[in-house]
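Encoded as structure tokens, the structure appears first; notes follow it.
Readers should treat all values here as calculations from the given coordinates under stated rules, not as data from a laboratory. These figures come from a predicted structure and were not determined experimentally. Methodologically, a virtual Cβ is constructed for each residue, glycine included, from the backbone with ideal geometry; neighbour enumeration extends over all protein chains shown.
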Amino acid sequence: MQTRPSDIDQLDPGDANRPALAPEPVDDTDYEHRHFINLLAIVFLLTIAGAIIWTVRSIEDNERLQRCLNAGRRDCVKIETPPSTGIRLPVR
């Protein structure tokens, strides 16, 4: 079987009827900018995740306090007292 050159190959390269070949795609991606935007997205998502975790823990603490108070207990909240200075006042 004999191979025939295609009709496009037979046309003169300067001929106006010759179809133009598609230009090679140019990779003009700014990778530095993409890395910066990805970093901002990661920071934003971590901030949102931290806020969600903090909110859930706050709600759990409030629910625990409410259950304790509803049970009638009086020692639900730990009250911090200042450390003793070692000075004792005389008792009369």
Quiz item: In nm, to one decimal, how far is the N38 label point from the E80 one, both placed 7 Å along Cα→Cβ?
Solution: 4.3
Quiz item: So what are the ³J(HN,Hα) numbers for segment 76-90, from phi and the Karplus equation (6.51, -1.76, 1.60; θ = phi - 60°), rounded to whole Hz, Gly and Pro as x?
Solution: 6, 10, 6, 9, 6, 10, x, x, 5, 8, x, 8, 10, 8, x
Quiz prompt | Separation in nanometres of the label points that stand 7 Å from Cα toward Cβ, at R57 and D30 | solution = 3.9
Quiz item: In sequence order, what are the phi-derived ³J(HN,Hα) couplings for segment 45-52 according to the Karplus relation 6.51 cos²θ - 1.76 cosθ + 1.60 with θ = phi - 60°, rounded to whole Hz, with x for glycine and proline?
Solution: 5, 5, 5, 4, 4, x, 5, 5
Practice problem: With a ≥ b ≥ c taken as the square roots of the eigenvalues of the C-alpha gyration tensor of segment 28-92, please select rounded if a/c is under 1.5 and otherwise prolate if a/b is larger than b/c or oblate if it is not? | Solution: oblate
Quiz item: Taking θ as phi - 60°, what are the ³J(HN,Hα) couplings along segment 22-32 by the Karplus curve (6.51, -1.76, 1.60), each to the nearest whole Hz, with x for Gly and Pro?
Solution: 5, x, 5, x, 9, 8, 9, 5, 8, 5, 5
Exercise. Report the extension gain between I87 and Q66 in nm, rounded to one decimal, defined as 0.36 nm multiplied by the number of residues separating them, less their alpha carbon distance.
Key: 3.7 nm
